[in-house]
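The values are calculated or read from the model by the stated rules, or taken from the named source; none is laboratory data. All values derive from a computational prediction rather than experimental measurement. Quick reminder, even Gly has a Cβ in these numbers, built from the backbone with ideal geometry, and neighbours come from all protein chains shown. We work out accessible area using only protein heavy atoms, side chains counted, and drop any ligands, DNA or RNA first. Shrake-Rupley method; radii C 1.70, N 1.55, O 1.52, S 1.80 Å.
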Amino acid sequence: MPFVELDTSLPAERLPPGLAQTLCAAAADILGKPAERVNVTVRSGLPMVLSGTAEPCAQLVVSSIGVVGTAEQNQRHSARFFDVLTAQLGLGQERIVIRFYPLEPWQIGKNRTVMTFL
């Protein structure tokens with residue numbers, strides 16, 4: 001059950017229509033998870049500073065069970081997420097940062113229990 005959170009200083013009107021759905025499909029493909037299990041949040045118009053400057057930027061946080069736990073996995077994921085983000089947001093790769101967090105099944109609640117028991 002991946003969680004993908006995009007924070008950007010770009011105003012909402014500069015984001016492409018359907019960006020959350022595009023990120024959902026991309027994350028499902030990149031992480032090898034079904035799209036119906038991917039959760040996406042997009043927050044725009046945020047006051048942000050990246051690398052000491054307030055020029056337009058974005059931060060992506062990717063959390064998931066079993067697929068973001070190694071440097072090798074995340075290196076592959078990073079390249080593919082950067083391709084999607086630079087194309088969708090019109091930002092240079094130097095204005096984007098990605099953080100990966102591995103999750104354990106007991107850390108995600110769903111249907112009144114945790115993923116361990118589903």
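Here are a few things to note about the model shown:
- Selection within region 83-118 - under 13 Å from the mean Cα position of the chain (by Cα), outside any strand (DSSP E or B) and either exposed (fewer than 14 other Cβ atoms within 10 Å of the Cβ) or among the charged types (D, E, K, R) (or both): D83
- Residue count, region 1-21 (criterion: within 18 Å of L91 (Cα to Cα) and open to solvent by 50 Å² or more (accessible area, probe 1.4 Å)): 5
- Pair list, Cβ under 7 Å, 6 or more apart: region 39-61 residue over 11 Å from R95 (Cβ atoms), other residue open to solvent by 40 Å² or more (accessible area, probe 1.4 Å) and among the small types (G, A, S): V40/A20; V42/A20; S44/A12; G45/A12
- Residue within region 61-70 that is closer than 16 Å to S9 by Cβ, under 13 Å from the mean Cα position of the chain (by Cα) and surrounded by 15 or more Cβ atoms within 10 Å (Cβ to Cβ) present: yes
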